[in-house]
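One structure is given below, encoded as C-alpha cells.
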Amino acid sequence: ELYVGTTYGSGEIAHTIAIPDGRRCECGKRGCLQTVATETALLDNAAMIFNLRQDSLLHNFATRAEELTIDHVAAVYTMGGVEVRRMVHQALQYLAMSALDIAVLMNPEKLLIHGRLFNHPTIREDFLEMIHEKFGFTGHDYRLGTVDFIPCQETDGAIGAAALAILKCVIHA
C-alpha cells in the first residue's frame, strides 16, 4: 500500500534539508534537497560549468547554456566529463542519504524513484551502488526494500493530479 500521509505529500523529499545553511529554496528554507539534487538545480549548475569551462563536454551538445537538457547532463556524465560527474555524483549522494533516511524512518517495502535523470541506466546503477555499498548499513532492524525507478514521461503531471483526485475523492472519500 502506498503511504501518502494526511495531506497526500508523504515521501516527497524535495524540501528535506540536505545542506544546513545551503542555498535558499523556493519554499523559504535553506539547503533543501531541491536546491542541490533536482533537474532544475543540476541544469543551473551545468549552465555554470558550461559558461566557465570552454573545454567542458557540455559544449558538444549546445551552443548556449540555456539549450542544455538533463539528457545532455546525463550524456556528459556517462562520457566522463569531470565537472559534470562531480556535480551529479554529489546530487546522487544527497538523494542516497535521503533514501536511507526513509529506510530508517519508514522501513518501506519498496522505494519509488522518479526523475528524468534516472531514465539513464548508468546513473541508476551508480545510485543503487551508492545506496547499497557506500551508504549501506547492516543493522538488522533497518533495511531498504526494493528500489524501483519510475520512468519519466510528458504526462506525469497530469497522471499524478488524476491519481491524487481519485485517491482523495473516491478511495478515501
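The set of residues from region 155-170 being out of contact with any His (no Cβ under 8 Å at 6 or more places or on another chain) and surrounded by 10 or more Cβ atoms within 10 Å (Cβ to Cβ) comprises 158, 159, 160, 161, 162, 163, 164, 165, 166, 167, 168.
Screening 63, 78 for residues that are surrounded by fewer than 18 Cβ atoms within 10 Å (Cβ to Cβ) and touching a residue at least 12 places away in the same chain (Cβ under 8 Å) leaves exactly one candidate, 78.
Residues considered: 49, 19. Of these, the only one that is at pLDDT below 95, farther than 24 Å from residue 160 by Cβ and of a type in the set (A, V, I, L, M) is 19.
Note on region 45-58: residues that are free of Cβ contacts under 8 Å to residues at least 40 places away in the same chain and buried (at least 17 other Cβ atoms within 10 Å of the Cβ) total 6.
One line per residue, one yes/no per condition, for (1) at pLDDT below 70; (2) assigned to a helix (DSSP H, G or I):
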position	(1), (2)
141	yes, no
152	no, no
159	no, yes
165	no, yes
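Of the helices (runs of 4 or more DSSP H) lying entirely inside region 44-133, those containing at least 3 residues that are under 18 Å from the mean Cα position of the chain (by Cα) and over 21 Å from residue 34 (Cβ atoms) span 70-79, 121-129.
The values are calculated or read from the model by the stated rules, or taken from the named source; none is laboratory data. All values reported here derive from a predicted model rather than from experimental measurement. All Cβ positions, glycine included, derive from the backbone under ideal geometry; neighbour counts span all protein chains shown.
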